[in-house]
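Taking it in order: structure first as structure tokens, then the write-up.
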Amino acid sequence: MDAIVAHPLVTALGLGPYDLSADIGCCWTPDAPAFQSVLNITKSAADPVGKKVWAGTNTTQLLAKGYTFLWVGTVSSVLGQSLAQTVKSLKTGPPPGRERELPSPRLIFVQFVAV
């Protein structure tokens, strides 16, 4: 691992939470000791040579452990969360402090366009 991490063409290391956890037998259980061990080993190898490590898991935990390259989601998951919040606001009204009159929607239409 040290030779790979230190190679000049390697600029950062990304640990895919699904593939990695499935390969080590704890499929999408990012708190599993085996998964956390791989994260720690990778970060320990990357830190001394100034390489960043990201992993698509709990960003709050990663920040607390000193990670600075954070993956917050795929485009589809980020847009999906935003859309879900928008639909919820339309159905229930805006959160406290952002009150305004909203008509009660009878139909919500979302269009996705691929460019």
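The values are calculated or read from the model by the stated rules, or taken from the named source; none is laboratory data. For clarity, every value in this text was computed on a predicted model and none was experimentally measured. Cβ placement follows ideal geometry from the backbone for every residue including glycine, while neighbour counts extend to all protein chains displayed.
Beta carbons closer than 9 Å, at least 6 apart along the sequence or on distinct chains, pair a first residue in segment 64-76 that is within 16 Å of GLY14 (Cβ to Cβ) with a second that is among the β-branched types (Val, Ile, Thr) and not in a loop (DSSP other than H, G, I, E, B) for TYR67/VAL53; TYR67/THR59; PHE69/VAL53; LEU70/THR59; TRP71/THR59; VAL72/THR59; VAL72/VAL78. Among residues of segment 12-57 being at positive phi and touching a helix residue (DSSP H, G or I) at 6+ places or on another chain (Cβ under 8 Å), the one that is surrounded by the most Cβ atoms within 10 Å (Cβ to Cβ) is TRP28. Scanning segment 46-64 for residues that are touching a strand residue (DSSP E or B) at 6+ places or on another chain (Cβ under 9 Å) and part of a loop (DSSP other than H, G, I, E, B) yields a total of 3.
Among the candidates ASP23, ASP19, ASP47, the residue that is of a type in the set (Asp, Glu) and at pLDDT below 90 is uniquely ASP19.
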